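Visitor: Input: one structure, supplied below.
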Amino acid sequence: MKLFKLNVNTNEVFKLNVNNYERQTNKQEPYFNENNNGIKHFAVCPACNNPIIIVNLYVKKTKDEKNNKSLHGRHYKNSIKGLADYNEENYESCPFSNPQSFSKVEKRVNIEKRNEILSLIKVYPHILYNFIRDITKVNFSENKFAELVGNFMKLEGYYYIYINKFNLPYSFLNMQKSINLYSQILYPNTEIIKSINDSKYFKVSNYNMIEKKVPDFATIGLYLANHKLNSSSDEFIDVVIYEKASKDNKENIVYQKTIEINHTKFISFINKEAKLRSIVNRYIKKE
């Protein structure tokens with residue numbers, strides 16, 4: 001995993017890098033844990049509250065040697081005094097203990113997870129809305145967002161094994177069928193605009209709206225595909241935009257870009273807003 005938290009009683013999540021880890025832990029015990037074999041580095045898994053060991057925090061390399069050892073966190077199947085107790089049941093259900101491919105559409109009925117995912121969408125729809133727009137660079141209309149939420153509910157996306165609160169914006173988009181982009185507004189000054197203007201059937205107006213450039217019946221759509229995981233816990237997925245005309249029924253890829261899945265950003269926004277709401281609620285009471 002590429003994220004961590006400091007203890008089991010907090011929801012605050014940090015992206016795992018050397019600077020964040022040193023600053024948040026102050027390089028003190030129990031995070032920097034010294035024994036006869038040297039110093040090991042620990043933290044807490046944000047998903048299951050089990051201890052994790054930080055792998056490759058400091059990696060030696062020579063001047064001419066490339067460092068291919070990636071920094072990541074790995075579950076540690078022992079309790080760490082003053083940090084976290086190991087719980088096997090929590091480990092088995094943790095999304096980071098056995099990351100699932102987005103191509104695996106298996107469902108598992110889990111009411112607790114269902115309620116958690118639906119609560120995030122219901123209480124913080126604007127955060128999810130902003131994230132899916134930022135990921136795709138498409139300024140989806142509210143009607144289009146309603147359509148996507150409806151699809152998610154119809155397909156029971158909250159039961160998909162690979163969907164969790166840390167990857168929700170990406171997995172929410174991934175489980176959608178092709179999203180019709182005709183008449184949608186694009187973010188300005190993006191490479192997508194050039195790609196669509198160079199396409200056969202569509203163009204982008206001065207107001208960044210996707211329009212047809214020919215009278216032929218054609219469609220333009222977006223989907224996420226080709227989810228990839230590697231041994232260092234990095235995850236990637238492709239954003240794909242295609243066009244298709246009915247006369248030849250041939251699909252042309254207009255735009256394709258591989259992006260890295262960020263597991264900390266969405267949940268950090270959620271936690272920040274929850275904290276601000278808590279502050280406001282202390283001072284503003286219902287009549």
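The values are calculated or read from the model by the stated rules, or taken from the named source; none is laboratory data. This one's a predicted model, so the numbers in the text were calculated from it and none came from an experiment. Neighbour counts are summed over all protein chains in view; Cβ atoms, including those assigned to glycine, are modelled from backbone coordinates with ideal geometry. In case anyone asks, the SASA skips ligands and DNA or RNA and just uses the protein heavy atoms, side chains included. Shrake-Rupley method; radii C 1.70, N 1.55, O 1.52, S 1.80 Å.
Visitor: May I ask for the equivalent-ellipsoid semi-axes of the chain, computed as the square root of five times each C-alpha gyration tensor eigenvalue and listed largest first in whole Å?
Guide: Working: eigenvalues 310, 113, 65 Å².
They are 39, 24, 18 Å, listed from largest to smallest.
Visitor: Additional query: If I take every Cα pair under 8 Å that is 6 or more residues apart in the chain, average their sequence separation and divide by the length, what percent do I get for the relative contact order? Write out the running numbers ahead of the final one.
Guide: On the way: 451 pairs, mean separation 42.1, N = 287.
In percent, rounded to a whole number, it is 15.
Visitor: I want to verify the translational diffusion coefficient of region 1-102 in µm²/s; compute it with Stokes-Einstein, Rh as the Kirkwood radius over Cα pairs, at 4 °C and 1.567 mPa s.
Guide: Details: Rh = 14.3 Å.
Answer from the Stokes-Einstein relation: 91 µm²/s.
Visitor: At 0.36 nm per residue, minus the direct Cα-Cα distance, what do residue 194 and residue 85 gain on full extension? Give it in nm, one decimal, please. Working shown, then result.
Guide: On the way: separation 109, 0.36 × 109 = 39.24 nm, distance 5.28 nm.
My answer for the length gained is 34.0 nm.
Visitor: Still on this structure, please answer the following. Using the charge dipole of the chain (Lys, Arg: +1 at Cβ; Asp, Glu: -1 at Cβ; taken about the Cα centre), state which of 186, 47, 57 has its Cα farthest towards the positive end.
Guide: The listed residue farthest towards the positive side: 186.
Visitor: Also, quick follow-up: Relative contact order of region 1-132: what whole-number percent is it, with Cα pairs under 8 angstrom and at least 6 residues apart?
Guide: Details: 167 pairs, mean separation 27.9, N = 132.
Relative contact order here is 21 percent.
Visitor: Can you work out the PRE-style zone for residue 7? Point 7 Å along Cα to Cβ, and I want the residues of region 23-59 with backbone N under 11 Å.
Guide: 30
Visitor: So, in region 223-287, how many Lys pairs have Cα atoms under 26 Å apart, if the pair is 8 or more places apart or on different chains?
Guide: Qualifying lysine pairs in region 223-287: 9.
Visitor: Where the accessible area of region 108-247 is counted over protein heavy atoms with a 1.4 Å probe, how much of it, in %, is carbon and sulfur?
Guide: Details: 3330 of 6680 Å².
Carbon plus sulfur share of accessible area: 50 percent.
Visitor: Efficiency by 1/(1 + (r/R0)^6): what FRET value for residue 159 and residue 20, r their Cβ-Cβ distance, R0 = 35 Å, to the nearest 0.05?
Guide: Numbers: r = 33 Å, r/R0 = 0.95.
It comes out at approximately 0.60.
Visitor: Taking the Cα centre as origin and putting +1 on Lys and Arg beta-carbons and -1 on Asp and Glu beta-carbons, what dipole magnitude results for region 94-149, to the nearest 20 debye?
Guide: Values: 9 positive and 6 negative charges, 26 e Å.
Using Cβ point charges on Lys, Arg, Asp and Glu, region 94-149 gives about 120 debye.
Visitor: Moving on to the next point. Could you tell me whether region 215-283 comes out rounded, prolate or oblate from its Cα gyration tensor? Rule is a ≥ b ≥ c as square roots of the eigenvalues, rounded for a/c under 1.5, then prolate if a/b exceeds b/c, otherwise oblate.
Guide: Details: a/c = 6.49, a/b = 1.94, b/c = 3.35.
Verdict is oblate for region 215-283.
Visitor: Going by average Cβ density within 10 Å per residue, which order do the peptides 28-37, 44-53, 153-162 take, highest to lowest? Spell out each step's value before the answer.
Guide: Numbers: 28-37: 11.9, 44-53: 22.8, 153-162: 16.6.
Going from most to least packed, we get 44-53, 153-162, 28-37.
Visitor: What is the magnitude of the charge dipole of the chain about its Cα centre, with +1 placed on the Cβ of each Lys and Arg, -1 on the Cβ of each Asp and Glu, and no other charges, expressed in debye to the nearest 20? All intermediate terms of the calculation are to be shown ahead of the outcome.
Guide: On the way: 43 positive and 30 negative charges, 74 e Å.
It comes to approximately 360 debye.
Visitor: Determine, for region 59-159, the count of lysine pairs separated by eight or more sequence positions (or lying on different chains) whose alpha-carbon distance falls under 20 Å.
Guide: Lysine pairs meeting both conditions in region 59-159 amount to 10.
Visitor: For region 266-273, take each phi angle, set θ = phi - 60°, evaluate the Karplus expression 6.51 cos²θ - 1.76 cosθ + 1.60, and give the result in whole Hz per residue in order, putting x for glycine and proline.
Guide: 4, 5, 5, 5, 4, 5, 5, 5
Visitor: Taking 0.36 nm per intervening residue step and subtracting the Cα-Cα distance, what contour gain separates residue 112 from residue 244 on full extension? Numbers along the way, then the final one.
Guide: On the way: separation 132, 0.36 × 132 = 47.52 nm, distance 4.11 nm.
43.4 nm is the gain from fully extending residue 112 to residue 244.
Visitor: Tell me the label-point distance for the pair residue 287, residue 104, using the 7 Å Cα-to-Cβ offset, in nm and rounded to one decimal.
Guide: Each label point lies 7 Å from its Cα, and together they span 5.4 nm.
Visitor: Taking the convex hull of the Cα atoms, report for region 161-287 its projected area averaged over all directions, in nm². Write out the running numbers ahead of the final one.
Guide: Working: hull surface 49.9 nm².
Computing the convex hull of the Cα atoms and averaging its projections yields 12.5 nm².
Visitor: While we're looking at this one, here's another question. How high is the FRET efficiency from residue 230 to residue 257, r the C-beta distance, R0 22 Å, rounded to 0.05? Intermediate values should be presented prior to the final figure.
Guide: On the way: r = 18 Å, r/R0 = 0.83.
Efficiency for this residue pair is about 0.75.
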